[in-house]
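Visitor: Okay, handing you the structure first.
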Amino acid sequence: MVAFSKLSSYGLSFQVKIISSLLKNKKFLLNIRDVLTTEYFDNQAHQWLIKQIIDYFDHYHSIPTLDILHIEVKKIDNEVLKTSVVEQLKESYKISVEDAAYVEEEFSNFCKNQQLKKALLSSVDLLQSGMYDDIRHLIDQALKAGMEKNLGHEYEKDVEDRYREEYRNAIATPWKKINELLQGGLGGGDFGLIFGSPGGGKSWSLIALGAEAVKLGFTVNHYTLELSEAYIGKRYDACFTDISVNIIQQHRSTVEEAITKLPGKLVIKEFPMGKATISTIEAHIQKCTDLGNRPDLILIDYVDLLRPNRVSKDRRDEIDDVYIATKGLARELNLPIWSVSQVNRAGAKDDIIEGDKAAGSYSKMMITDFAISLSRLKADKVNSTGRFHIMKNRYGMDGFTYNASIDTSTGNIVIDDNEIEEDDIVIDKPIKLNENFNTFDRDNLRNKFFELNALK
């Protein structure tokens, strides 16, 4: 392949993609900073953007945010240039760079070639003067240009990065108290787990998490290994419309209207339990990414049903392998992953489920970043109530327990903001069914439940 001698030969679209990558990928900028210069770009607006990126990175060791660039744009005196910069900036953030890896590699090679050409031209004068050591040094520096320079998080230099709100790219949950404990929600690379007994509402909790993310404008991939894709879809329909999943079939027009108002995207994919591995899920995520639909949040219902990559005589070892691979996938893709898991028989009878009641392997607690349990006894299921207990939290305090109102017909889950003690638990007697509707009178029930616990 013949390398172009001018960046303009690649076309305007390619140059916009370069700027887009520089504004979104710090690792790319870090690696080519020593060879990046405005002179490679012909467009004046592009030159201005590249200069801002370079100046900000040299000072703060980070990429300028859109807010910072907006402030700098206002300082431009030339109105024609200002308008052009604004348009190019919009295009850079709007464009979806599916071929980012190729663009970044090609631009890096272009910059290296330019540096090598400069070194060779400068060597002519040095050769005539017999300065061979200088020639060797010049060529060596040119060959080292653009090499991998990512040392990790450099503590002294990266203060700006770790104090940015978007540093973890946290995605909020539907529950204010959980968001406070998680410093905004589950972030990129985090693995969250919800423990509970069979039929206790764990899967509905995942639906609530996914629905909230879609409402916030994120793209969600929901992987199911128990229920069908269509039925999971109906559960989301029920959650978005607050119509019971048992009668949602009769309200298709309401569902279609609600879907048109959702800012985010949802992909539901079913895999057979015991057949799919974490690599299967990774391959599907890559397929979505290749088609321009990269997810922001991953939900797996549930990880224990995935097949381990290696067979072991001890089931606990297999479970550990699956959980470690899931955490590794979250970290590698820099995506938050939520899943659910069962508790053992003893845990299913507890008012508050502690970490020692995890079924299969206690290592699940060690691997995950955030673990929460959902306890629902027989009376709770009748009353649409339950208790969430914070089992583990890498981002704050844990050990708290909160009352919750849980509607397992719509996924409407409300967690009380006030912490409760074990002695304060009130499990009320069953409440009769509403005669006019084939469901519980949720509003009255929720108010009564929280009032009883407040009185305690």
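The values are calculated or read from the model by the stated rules, or taken from the named source; none is laboratory data. Quick caveat: nothing in here was measured; it's all calculated off a predicted structure. Positions of Cβ are generated from backbone atoms using ideal geometry, with glycine treated the same way; all protein chains shown enter the neighbour counts. We work out accessible area using only protein heavy atoms, side chains counted, and drop any ligands, DNA or RNA first. Shrake-Rupley method; radii C 1.70, N 1.55, O 1.52, S 1.80 Å.
Visitor: Out of (1) farther than 17 Å from LEU12 by Cβ; (2) under 35 Å from the mean Cα position of the chain (by Cα), what's the single condition that is false for LEU127?
Guide: (2)
Visitor: Restricting segment 295-315 to residues that are touching a strand residue (DSSP E or B) at 6+ places or on another chain (Cβ under 9 Å) and assigned to a loop (DSSP other than H, G, I, E, B), which is surrounded by the most Cβ atoms within 10 Å (Cβ to Cβ)?
Guide: LEU306
Visitor: Does segment 247-254 contain at least one residue that is part of a loop (DSSP other than H, G, I, E, B), exposed (fewer than 15 other Cβ atoms within 10 Å of the Cβ) and at pLDDT below 95?
Guide: no
Visitor: Among the listed residues LEU216, LEU193, LEU206, LEU181, which satisfies the condition of being within 21 Å of SER375 (Cα to Cα), open to solvent by 10 Å² or more (accessible area, probe 1.4 Å) and among the aliphatic types (A, V, I, L, M)?
Guide: From the options LEU216, LEU193, LEU206, LEU181, the qualifying one is LEU181.
Residues checked against (1) outside any helix (DSSP H, G or I); (2) open to solvent by 20 Å² or more (accessible area, probe 1.4 Å):
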{"residue": "LEU335", "(1), (2)": "yes, no"}
{"residue": "GLN342", "(1), (2)": "yes, yes"}
{"residue": "ARG345", "(1), (2)": "yes, yes"}
{"residue": "ALA348", "(1), (2)": "no, yes"}
{"residue": "MET366", "(1), (2)": "no, yes"}
{"residue": "ALA371", "(1), (2)": "yes, no"}
{"residue": "LYS381", "(1), (2)": "no, yes"}
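Residue by residue, here is whether (1) part of a helix (DSSP H, G or I); (2) at pLDDT 95 or above; (3) at negative phi; (4) open to solvent by 50 Å² or more (accessible area, probe 1.4 Å) holds:
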site	(1), (2), (3), (4)
TYR236	yes, yes, yes, no
SER244	no, yes, yes, no
LYS269	no, yes, yes, yes
SER279	yes, no, yes, yes
HIS284	yes, yes, yes, no
LYS287	yes, no, yes, yes
ASN293	no, no, yes, no
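Visitor: May I pose another question? Could you tell me whether segment 217-227 includes any residue that is assigned to a helix (DSSP H, G or I), under 21 Å from VAL322 (Cα atoms) and out of contact with any Pro (no Cβ under 8 Å at 6 or more places or on another chain)?
Guide: No; the residues of segment 217-227 include none that is assigned to a helix (DSSP H, G or I), under 21 Å from VAL322 (Cα atoms) and out of contact with any Pro (no Cβ under 8 Å at 6 or more places or on another chain).
Visitor: Given the condition part of a loop (DSSP other than H, G, I, E, B), under 26 Å from the mean Cα position of the chain (by Cα) and at pLDDT below 95, answer yes or no: does some residue in segment 411-422 qualify?
Guide: Yes - at least one qualifying residue is present in segment 411-422.
Visitor: Regarding ALA170, is this residue at pLDDT below 95 and either open to solvent by less than 10 Å² (accessible area, probe 1.4 Å) or not charged (D, E, K, R) (or both)?
Guide: So ALA170 fits the description; yes.
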